[in-house]
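Attaching a single structure in structure tokens format; questions to follow.
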């Protein structure tokens, strides 16, 4: 089982496929498994590196120090451990915020960066949402109640027109063996609350593109476009915040095309 031992945490990660390395950084309450729709589409083209961020998955302990900066340091340490001087990177939601911090602190490690349904923004409303979801989990409500409260923020409205789709997603989440604990979620919320967006440098130190979802409720499209002004942006139709679940083929195609246009330094 692949693990990276750091002074205060043991970081679990998954590796799939072959080809140039692609580091995949998950968002809030998500772990390496959240990239499942993209794995079969990208693993024939890349070596996929998918860490479980602190507080999630099989990374332990769940109460190790957290912040966007610490998450980025973990990613840099993982690439160093794997003897990867430079990688392509994709970050979703808070994973995109982590990726931007990685770009700021370790620019030479990034050959290309794809920001998926994310932007350097700090919304008090989103912090309130996660606090409310956490309160539901801590209450006597049925275990799937918080998921049904969360899913409208994640998925495109069309998902609700597919009979059984939402219930199936909730059931899969509840039976996932490595789902984030209530305590882990509470601790990770501190990283979200402490996030301070950086003003993006112009130009950025590595090629960067943004994939934004037309129906994103967590990171509204106009706000994301304003925060990412000057960065090549693709708007994915019929997709919500869970952009790589709603439109995995479109996301995969953009990642492949961008990486091919920006090969890793020294790669043949």
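With the Cα gyration tensor of segment 3-261 giving a ≥ b ≥ c as the square roots of its eigenvalues, does the rule (a/c under 1.5 for rounded; else a/b larger than b/c for prolate; else oblate) give rounded, prolate or oblate?
It comes out rounded by the Cα gyration axes.
Could you work out [θ]222 nm for the chain from helices alone, using -39500 (n - 2.57) per DSSP H run of at least four and dividing by all its residues? Round to the nearest 500 deg cm²/dmol.
-11500 deg cm²/dmol
Calculate how many DSSP beta bridges within segment 3-261 are antiparallel, expressed in % of all such bridges and rounded to the nearest 5.
30 percent
Would you list 244, 92 from fewest to most Cβ contacts within 10 Å?
Listed from fewest to most nearby Cβ atoms, that is 244, 92.
Follow-up question, since we're still on this one. Using a 10 Å cut-off around each Cβ, can you sort 131, 256 from fewest to most neighbouring Cβ atoms?
Final ranking by Cβ density, sparse to dense: 131, 256.
Right, here's the next one. So how far, in whole Å, is the C-alpha centre of segment 12-35 from the one of segment 97-129?
Result: 15 Å between the Cα centres.
Sort 161, 246 by Cβ crowding within 10 Å, fewest neighbours at the top.
In increasing order of surrounding Cβ atoms, one gets 161, 246.
Taking N as the number of residues in segment 25-151, what is its alpha-carbon radius of gyration divided by 2.2 N^0.38 Å?
Working it through for segment 25-151, the quotient is 1.13.
Provide the percentage of antiparallel DSSP beta bridges, counting only those with both residues in segment 1-85; round to the nearest 5.
Of those bridges, close to 75 percent are antiparallel.
Each value in this text was obtained by applying a stated rule to the coordinates, not by laboratory testing. Small disclaimer: the values here were computed from a predicted structure and weren't measured. Here Cβ is always computed from backbone atoms with ideal geometry, including for glycine, and neighbour counts include all displayed protein chains.
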